[in-house]
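Visitor: Below you will find the structure I want to go over with you.
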Amino acid sequence: MKNYILALDQGTTSSRALIFDKSGSICAQAHKEVRQHFPNPGWVEHEPNEIWSSQVSVAAEAMSKINITGKNLAGIGITNQRETTIVWDIHTGEPVYNAIVWQDRRTATYCDELKSRQLSEMIRHKTGLVIDAYFSGPKIKWILDYVPGARKLAENGCLAFGTVDSWLVWKLTGGRTHVTDMSNASRTMLFNIHNLCWDDELLEIMGIPSSMMPRLASSSEIYDHTKTAFFGSEVPISGIAGDQQAALFGQMCLEEGMVKNTYGTGCFMLMNTGGKPVISENKLLTTIAWQIGGETTYALEGSIFMAGAVIQWLRDGLGIIKSAAEVEELAEKVPDNGNLYFVPAFTGMGAPYWDQYARGMMIGVGRETTTAHIARAALEGIAFQTMDVLKVMELDAQIKIRELRVDGGASTNNLLMQIQADLLEIPVVRPKITETTALGAALLSGLATGFWTSISDLLQQWQINKRFDPQQDPAIAVQMKSLWADAVKRAGGWIKE
Ligand code: ADP
């Protein structure tokens, strides 16, 4: 019986496999760390063959935990670290260079050059992206420019480019299928989000032969089947989405105006904006959320650099807590922030302030200030930054957010979630399954194979763990927001070049 869906969640720090049953419950999981390589300052690489071998081995491990084989799988869904770039030889199947990870900054100078050629507006309108070294296009160009012989091979049609999803499908099908889904394509800076195709002008600007590019597909369809060697039988590969988009889907944010926020090291917020791309006036990114059955759904995306990382700093830098979870107990020792405001601009500030010269600041320190106030102000700093991004999302999309769905490590913090609800003055909702990324990939896969029959079928999989309703007097929130805005101003422009 084909009772399960296998989700492959290939992340930046680890490869994970999760097996879901028809009720959407997790039946087994396994994970393995992926080694990080830092060959030069600002460079981050992974080994493509390790990405592959770790991913198949965790899949086998998860399956063996519940004693199933490929015959029991109705489909495989893939979700992945986005933008990470792999180029391989289609004849040998060997990568010509390591995977250049999204965090890698080696192409920053080239991106500055693109900006100085006045290409920002054109690229923003075509791709929905702000020119940045994150995205795949400049990374492909780097490989063609710097790996000996690569450009010649590419021009002869011998090289393939893929983000991690493409690479995994290529390996799973024994080199038969070279494909990507549109959510991943929309992170390459080579994809036109309006025409839904690779953009010839951008390929030309970056000197990338179009023969390298994967076939474009939807996020939920049978792309191909796995080679029998891997799971003992042919299993349909039937869902693909980049990790943040998969999480939006796994959070069942299926309607226009629905938003999820992932509270990890940083925060990733995505808003479903429906069938039309919204080009941001506030440097948020416009991206494809997914394409299903010929219908394309778009999203606005904003991120903040420092969220859970602030709590790590309280633990490792200040030493005022022993574990991240302890921050809640400490912050609860005081009824409010005692007028202490903490702007966590450790590395500058992203959306919507965009100030790389801002630095972290605590203001309002008095003799009465305790570590409990610092803990509370740190949690509030995370919630305030989230609020600021959501406010510009509402402005850009002209949509009022009605609730916020949350996941990620720091979303387990009940106090943080309550503060968030009080500041936003809308409910904050935490689902039972916080593995939303893997769940999203599983749902996309199961939808394509008939394992789940309809979107309304899927909605029943999503259950609430806890809902945080606003409780605080809104007048207090008004005052706090004004003090926060003032604090952000004072932290700005601190570093002088
Ligand atoms: P990532 O995927 O970015 O590594 P995770 O989703 O695993 O992040 O979340 C880890 C982050 O969440 C860490 O930065 C940690 O400090 C923070 N965190 C974990 N538990 C709590 C908690 N109870 N309260 C606040 N922050 C927490």
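The values are calculated or read from the model by the stated rules, or taken from the named source; none is laboratory data. For clarity, every value in this text was computed on a predicted model and none was experimentally measured. For neighbour counting, all protein chains shown are included, and Cβ atoms are generated from backbone atoms with ideal geometry for every residue, glycine included.
Visitor: For the range 401-419, what are the residues that are within 19 Å of Cys253 (Cα to Cα) and either within 12 Å of the ligand (Cβ to nearest atom) or surrounded by fewer than 21 Cβ atoms within 10 Å (Cβ to Cβ) (or both)? It would help to see each step written out before you state the result.
Guide: Filtering the range 401-419 down to residues within 19 Å of Cys253 (Cα to Cα) leaves 401-408, 411, 417.
The answer is Ile401, Arg402, Glu403, Val406, Asp407, Gly408, Ser411, Met417.
Visitor: Residue check, Thr453 against (1) modelled with pLDDT under 95; (2) within 16 Å of the ligand (Cβ to nearest atom), all met but one. Which one?
Guide: Of (1) modelled with pLDDT under 95; (2) within 16 Å of the ligand (Cβ to nearest atom), only one is false for Thr453: (2).
Visitor: Moving on to the next point. Given the condition in a loop (DSSP other than H, G, I, E, B), over 20 Å from the mean Cα position of the chain (by Cα) and of a type in the set (A, V, I, L, M, F, W, C), answer yes or no: does some residue in the range 58-77 qualify? Full working, then the answer.
Guide: Of the range 58-77, the ones in a loop (DSSP other than H, G, I, E, B) are 66-69.
When the remaining residues are screened for being over 20 Å from the mean Cα position of the chain (by Cα), the result is 66-69.
Among the residues that remain, those that are also of a type in the set (A, V, I, L, M, F, W, C) are: 66, 68.
Taking every residue of the range 58-77 in turn, at least one turns out to be in a loop (DSSP other than H, G, I, E, B), over 20 Å from the mean Cα position of the chain (by Cα) and of a type in the set (A, V, I, L, M, F, W, C).
Visitor: Name the pairs whose Cβ atoms lie under 8 Å apart, with the first residue in the range 407-418 and in contact (Cβ under 8 Å) with a residue 24 or more places away in the chain, the second outside any helix (DSSP H, G or I) and near the ligand (Cβ under 6 Å from one of its atoms), and 6 or more positions between them or separate chains?
Guide: Correct list of pairs: Gly408/Gly264; Gly409/Gly264; Gly409/Ala324; Ala410/Gly264; Ala410/Ala324; Thr412/Ala325; Asn413/Ala325.
Visitor: Let me ask something else. Out of the residues in the range 250-266 meeting the condition of being touching a helix residue (DSSP H, G or I) at 6+ places or on another chain (Cβ under 9 Å) and of a type in the set (D, E, K, R), tell me which one is farthest from Asp407 (Cα to Cα).
Guide: Here the residue is Glu256.
Visitor: Just the residues that are among the acidic types (Asp, Glu) and within 19 Å of the chain's Cα centre (by Cα), please, taken from the range 280-323. First the steps, then the outcome.
Guide: Taking the range 280-323 first, the residues among the acidic types (Asp, Glu) are 281, 295, 301, 316.
The one that is among the acidic types (Asp, Glu) and within 19 Å of the chain's Cα centre (by Cα): Glu301.
Visitor: Looking at (1) more than 16 Å from the ligand (Cβ to nearest atom); (2) surrounded by fewer than 17 Cβ atoms within 10 Å (Cβ to Cβ), find the lone condition where Met387 falls short.
Guide: (2)
Visitor: Just one of (1) crowded, with 18+ Cβ neighbours inside 10 Å; (2) modelled with pLDDT of 95 or more; (3) not acidic (Asp, Glu) trips up Phe230, so point out which.
Guide: (2)
Visitor: Hey, another quick one. Kindly establish whether Leu443 is within 23 Å of Ser25 (Cα to Cα), more than 16 Å from the ligand (Cβ to nearest atom), within 22 Å of the chain's Cα centre (by Cα) and not in a strand (DSSP E or B). Full working, then the answer.
Guide: Numbers: within 23 Å of Ser25 (Cα to Cα): yes; more than 16 Å from the ligand (Cβ to nearest atom): yes; within 22 Å of the chain's Cα centre (by Cα): yes; not in a strand (DSSP E or B): yes.
Against the criterion (within 23 Å of Ser25 (Cα to Cα), more than 16 Å from the ligand (Cβ to nearest atom), within 22 Å of the chain's Cα centre (by Cα) and not in a strand (DSSP E or B)), Leu443 qualifies.
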